[in-house]
Structure formats: C-alpha cells, structure tokens
Amino acid sequence: MKAKTERTAMWKFTLFGVLAWMGVLVAPEPAQAEYADVVMNNYADAAGMRPVVFPHWYHRIRFRCKVCHADLGFKFKAGGNKITMAKIIDGKFCGACHNGEVSWSVENCGLCHSGIPGTPTHISGSTVQRLVAPAYKILDKKKTVQDGYNK
Amino acid sequence: MKTVIKSFTIAISAAVLLPVSAIAFEASPLSLAATKPVSSAEVTGSVPAKISVSNANVFNRLLKKIEDPNAAPADDGIHDIENEPTFALQPPKIAYKGLPTSEYGNHIDWVKALDDGLLDPRYDRVDPSIEPFVMDLDIVRPVKASVPDVVFPHKPHTQWLHCSNCHPKIFIPQRLANQINMSAIILGQKCGVCHGKVSFPPTTKSCKKCHSKPKPSDWTPPLSDATVKNPWR
C-alpha cells in the first residue's frame, strides 16, 4: 500500500516536472530577445500580418543613429512613428532604404513581419521592463520634473 | 526514490523559472500548478501530515538572469518560428565576432568598436564617405550623492548622433541648465531616453561609465536632517 502511494506520488511529480518543463520551453520569454530589438504592432495583427521586428543592433553596425533619427525623422519612441505600408512604399521610414537600392526590397514581407502574433509594441530588454520592483520616486517633489519628453 | 528526488528538483527548478514565463502570461495556469504539490495535503486534510515548509523560500526570489543575451532570432522568444524567413535573419553572435565586449546591453562596447576602427557605420543613408561632425566637449555634473560625479562626453555621442537628437528637445544646450536625476533616467527620460533602451543601460557594472569623475579623497556625504537633529545621537 505504502509502495503504491509512493509510486503514484512519483508519477505525479514526474508528470508535473515534465509538464512544467514543457511550459518553460513553450512559453515565450521576451527578456531573452536581443537588447533594443523593437517590436511594432500598432496595426499588423489587426491586418492579419505578424508584428514587425526591427533589429537595432543589425542596423547600427551599418548606420549611425543620425541617419534614421535625424535625417529620416524616426522619433525616439517604439510605435511612435505610426509606420504603415503606404508610407513605406512612398519611400518614408523603412522604405527609405528597403527599396531594392540601399537594401532589399519590400516584397520580402516575412523578413520584417517575423514577430510572434499577439506580441505588443515594445523595445526589448529596456531597463524599466527589467526592474524587479517599480522604479523609486524621488522625495523632493521639485526634482520630479519629468518634463517634456515621452508625454 | 531517486526519481522522486530528480523529478522534484525538476519541479522546483521549473517553479523558479516559471515566474519568468509568468510575466508573459500573467494568468498562466502553470504558475498556479506550481504551488499544488505543497498545498494539496492541506486541502484534503486527511493525512495529519508532516509540517510543510513554504516553497516560497527559493534562493533567488526575484533575480532573473538572462541565459543567452545574444540569442539567435529563432530562439529569442519574439520571432515566430512558423515564419520561414525568420531563419534567414542573422544571429547577433555571428555579426559580433571580433568586436570588443561588455557585460550589459548588447554585450558589445560600441564606443570602443568605433574608436578601434573595427566598425565604421555610415553617417549618411547612401554616401559612405561623409564623416560625422564630432565635437569633443565634456560636461561635468557634480552629484550630491557619494557616487563619482557625472561626466557627459559629447565626443562618443556626436560620433553616433546629431546635435538635434538631443538639443533642444531632451537637453537645453547650457551647462547645468537641465534637472537630471537617476529616477528620471531609469524611467526612460533625459539620458534614459537612450540609455536603458538602445545605448548601454544603467546597471551595477555600468554606473561608472557615466559616474566617472571620482570625488576628492576628503569628501563625505552630507548628513540627513533626521541624523543632525537626532536626540539619541
């Protein structure tokens, strides 16, 4: 009798262990993605396309920030540029380069639209996202001036 | 018995790892399951049972270590492996070979990579011969706290960025005219617009990159009012 319960317990634990591991392997872990990869999903999901993944690391090896963020007018905000395919084929944003001249052309949909469906717009590995507890608020109210940016 | 211990260790390590995946799935049924083996004895109540110790006492309750900071697109948790072109994307490690490393962010020292001439990204969309307009001007910002003072170097910034990326929207171009504190930076403002998102992030090993001017040897931190007025002191 005792041996039997132990065996059942053993099975339970083994089964639980296996299931838990499968869960770990299957569940997406956004923290693992390369630092600064931007997922853009303002419209993609709704239009039945996978979200777009923009790799900063890959582009900064080839271009300085100035090219995109000053010359091409990309704002410093994930999702903040409201990029659409109409703008891209008019040569704006990604379309300034992904035009078959500077880089491969726009018909390679799956190279940009490569994100897991349902992933929200965000930048991967950001400090705010990785905090273990919410950021502290400074005591001196006058110093809290979070003026201007990002609002 | 050996298997029990083995699978139990698996279960425990899974329970440790689960909170990581639980971030993605707030209401993950698995994270509920993780507490089951301990609570089931209490629920049935039939066995007077050994006193069960809380399984909350794992070694690292909150620390989340990234196992592979430069994972290939197919393994990184944001790229869809059902999408075939995902496998045509370049894994970062291949591109990073030979570049100077760091312990945070992309785990690449981008400043050194430029200085050593290992990379020369274009400053213009099409013309690779255009040179960046680099300005070598350091701004020292004294810090009230015990950490070294901050030196903001224009040089590495203007190697990558244009003046208009910072002036005047993020910083008024005048020494000490801007209120900056660590809280704002961590929340993604001021220096944190870039540092903590694309440029190297603030973390224990990177503090001294910005806090690089040591305090004089006789410097002591100012005492708080509560200490100065403390009647038991």
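The values are calculated or read from the model by the stated rules, or taken from the named source; none is laboratory data. For clarity, every value in this text was computed on a predicted model and none was experimentally measured. Counting neighbours? That spans all protein chains shown, and the Cβs are built from the backbone with ideal geometry, glycine included. Each accessible area value is taken on the protein alone, full model and side chains, heavy atoms only, with ligands, DNA and RNA left out. Shrake-Rupley method; radii C 1.70, N 1.55, O 1.52, S 1.80 Å.
Among residues of segment B:221-233 that are more than 19 Å from A:LEU139 (Cα to Cα), those with a Cβ under 9 angstrom from a residue that is open to solvent by less than 100 Å² (accessible area, probe 1.4 Å), sequence gap 6+ or separate chain, pair up as B:ARG233/B:THR227. Pairs meeting the criteria (first residue in segment A:115-132 and more than 7 Å from every other protein chain (Cβ to nearest Cβ), second residue open to solvent by less than 50 Å² (accessible area, probe 1.4 Å) and in a helix (DSSP H, G or I), beta carbons under 7 Å, at least 6 apart or on different chains) are A:GLY125/A:ALA31; A:ARG130/A:ALA31. Taking segment B:143-166 as the range and being within 14 Å of another protein chain (Cβ to nearest Cβ) and either among the hydrophobic types (A, V, I, L, M, F, W, C) or under 22 Å from the mean Cα position of the chain (by Cα) (or both) as the test, the residues that pass are B:VAL143, B:ALA145, B:PRO156, B:HIS157, B:TRP160, B:LEU161, B:CYS163, B:CYS166. Being exposed (fewer than 14 other Cβ atoms within 10 Å of the Cβ), at the interface with chain A (Cβ under 7 Å from one of its Cβ atoms), modelled with pLDDT of 95 or more and farther than 19 Å from A:PRO55 by Cβ is the requirement here; does B:VAL140 meet it? So B:VAL140 does not fit the description; no. Here is a check on your reading of the model: is B:PRO216 open to solvent by 40 Å² or more (accessible area, probe 1.4 Å) and touching a residue at least 60 places away in the same chain (Cβ under 8 Å)? In short, no.
Only one entry of B:LYS169, B:LYS197 meets the criterion of being facing chain A (nearest Cβ under 9 Å), open to solvent by less than 60 Å² (accessible area, probe 1.4 Å) and either within 16 Å of A:LYS75 (Cα to Cα) or not in a helix (DSSP H, G or I) (or both), and that entry is B:LYS197. Is it true that some residue in segment B:104-127 is surrounded by fewer than 14 Cβ atoms within 10 Å (Cβ to Cβ) and touching a Lys or Arg at 6+ places or on another chain (Cβ under 7 Å)? The answer is no, given that none of the residues of segment B:104-127 is surrounded by fewer than 14 Cβ atoms within 10 Å (Cβ to Cβ) and touching a Lys or Arg at 6+ places or on another chain (Cβ under 7 Å).
Would you confirm whether any residue within segment B:152-163 is under 30 Å from A:CYS94 (Cα atoms) and assigned to a loop (DSSP other than H, G, I, E, B)? Yes, segment B:152-163 contains at least one residue that is under 30 Å from A:CYS94 (Cα atoms) and assigned to a loop (DSSP other than H, G, I, E, B).
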